Amino acid sequence: MNRLHILIFILFTFLFVTAFSKEDLVPVQEINPKPLIIKKVGHNKLIAEVTWDGTLENDNVPVRTKFRCFSDAVTVKGPKHALFGDRKVNFEIKVHKKNVNVKCRYGVQDGSTFIKRIRFQT
């Protein structure tokens with residue numbers, strides 16, 4: 001009988017502690033990339049639109065954006081810095097040579113980072 005009382009006491013203590021304990025949530029800052037959009041604007045000009053979304057970031061927080069191509073067939077111009085609230089940034093890609101495979105890397109660097117790689121043919 002004594003063991004039964006001890007078992008019931010332990011069971012109810014465990015139930016009380018788990019039922020009334022407060023769960024502490026850790027805030028997470030996160031940047032989620034969206035699909036890259038490349039538009040042909042002119043004869044030898046492309047516009048790459050890098051977009052993102054995220055949580056627990058202020059809209060006026062500056063983020064560093066990058067778009068770099070590893071070929072002499074194209075040159076990239078565009079902003080180096082943006083605000084998180086803009087949720088997008090455009091880069092101008094100027095094409096110098098046709099029918100060349102180009103590898104590029106783009107992304108946003110902040111407290112949380114994403115870097116993506118793409119390939120396309122000019």
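The values are calculated or read from the model by the stated rules, or taken from the named source; none is laboratory data. This one's a predicted model, so the numbers in the text were calculated from it and none came from an experiment. So basically every Cβ, Gly included, is an ideal-geometry build from the backbone, and we count neighbours across all protein chains shown.
Look at V100 and say whether it is among the aliphatic types (A, V, I, L, M), in contact with an Asp or Glu (Cβ under 8 Å, 6 or more places away or on another chain) and surrounded by 13 or more Cβ atoms within 10 Å (Cβ to Cβ). It is false that V100 is among the aliphatic types (A, V, I, L, M), in contact with an Asp or Glu (Cβ under 8 Å, 6 or more places away or on another chain) and surrounded by 13 or more Cβ atoms within 10 Å (Cβ to Cβ). Of the residues in region 71-116, how many are in a strand (DSSP E or B) and modelled with pLDDT of 90 or more? Result for region 71-116: 16. Here region 1-33 is the region considered, the condition is being assigned to a strand (DSSP E or B) and not β-branched (V, I, T), and the residue that is modelled with the highest pLDDT is P33. Take region 61-95 and flag every residue that is more than 19 Å from F114 (Cα to Cα) and surrounded by fewer than 14 Cβ atoms within 10 Å (Cβ to Cβ). Answer for region 61-95, where residues must be more than 19 Å from F114 (Cα to Cα) and surrounded by fewer than 14 Cβ atoms within 10 Å (Cβ to Cβ): D72, T75, K77, K94. Determine, yes or no, whether T51 is at pLDDT 85 or above, within 16 Å of the chain's Cα centre (by Cα) and polar (S, T, N, Q). Here the answer is yes, as T51 does meet what is asked.
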